[in-house]
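Just below is one structure, and these are the notes that go with it.
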Amino acid sequence: MVDDRAPDPTGVAPGMLLVAAPGLTDPNFKRTVVYVIEHREQGSLGVVLNRPSEVTVHDVLPSWAPLSSTPQAVFVGGPVESETALCLAALRTGQTVEGVHGLVAVRGPVALVDLDGDPRALAPRLRGLRVFAGYSGWDARQLAGEIERGDWIVVPALPDDVVAGHGPELWARVLRRQGVPVALLATFPDDVKLN
């Protein structure tokens, strides 16, 4: 899903993270970290990385469970089309998606996985994957408006953000690695009400 157009002034691009600002209280996005999969003039699409569900990958996609990263939960990708499954994977060092059926490049070693494909054929190329139920989506200019309002902080993603065993602590971890002053937001108490 790589887009070779000029960079967006908001900094949003496939492979970037949208980190919810402390003042974002929408229950769908409070303290979330969203991995951007697609960003175009028509809109943007991503998945929430830090909301594991009670459902395991084995329960819904048993053939993909052996490749699933720990915890082997299906993650809640967002409020849109919650019955739709998306899968992101991190490729092993030296692997690419070139000529590989079932993988679509997002950015760097992160790719979308076709869950209708054969997991055994992809297994040697992947170092981990994550399955998401639903996704987060924004119409044209909607995300830019939310960023301008201060709802989201746009930062680079690391491949481990997609597949490492993070839950709610991912929000603070991503903020802390940004350096001051953004890193200070990681200390913001969860229960403080903002006007």
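Hey, does region 133-143 have a residue that's in contact with a Ser or Thr (Cβ under 6 Å, 6 or more places away or on another chain), in contact (Cβ under 8 Å) with a residue 40 or more places away in the chain and over 29 Å from GLU41 (Cβ atoms)?
no
Filter region 120-135 for residues that are out of contact with any helix residue (DSSP H, G or I) (no Cβ under 9 Å at 6 or more places or on another chain) and part of a strand (DSSP E or B); which is nearest to LEU91 (Cα to Cα)?
PHE132
Considering only region 135-170, state which residues are within 15 Å of VAL19 (Cα to Cα) and among the β-branched types (Val, Ile, Thr).
ILE147, ILE153, VAL154, VAL155, VAL162
Condition first: exposed (fewer than 13 other Cβ atoms within 10 Å of the Cβ) and polar (S, T, N, Q). Now tell me which residues in region 117-167 satisfy that.
Of everything in region 117-167, just one residue is exposed (fewer than 13 other Cβ atoms within 10 Å of the Cβ) and polar (S, T, N, Q), namely GLN142.
What about GLN178, is it surrounded by fewer than 21 Cβ atoms within 10 Å (Cβ to Cβ) and free of Cβ contacts under 8 Å to residues at least 40 places away in the same chain?
It is true that GLN178 is surrounded by fewer than 21 Cβ atoms within 10 Å (Cβ to Cβ) and free of Cβ contacts under 8 Å to residues at least 40 places away in the same chain.
Quick note: the coordinates plus some simple rules give every number you see, no bench work behind them. Keep in mind that what you see is a predicted model, and the values were worked out from it rather than measured. A quick note on method: Cβ atoms are made from the backbone with ideal geometry, for glycine too, and the neighbour counts reach across all protein chains shown.
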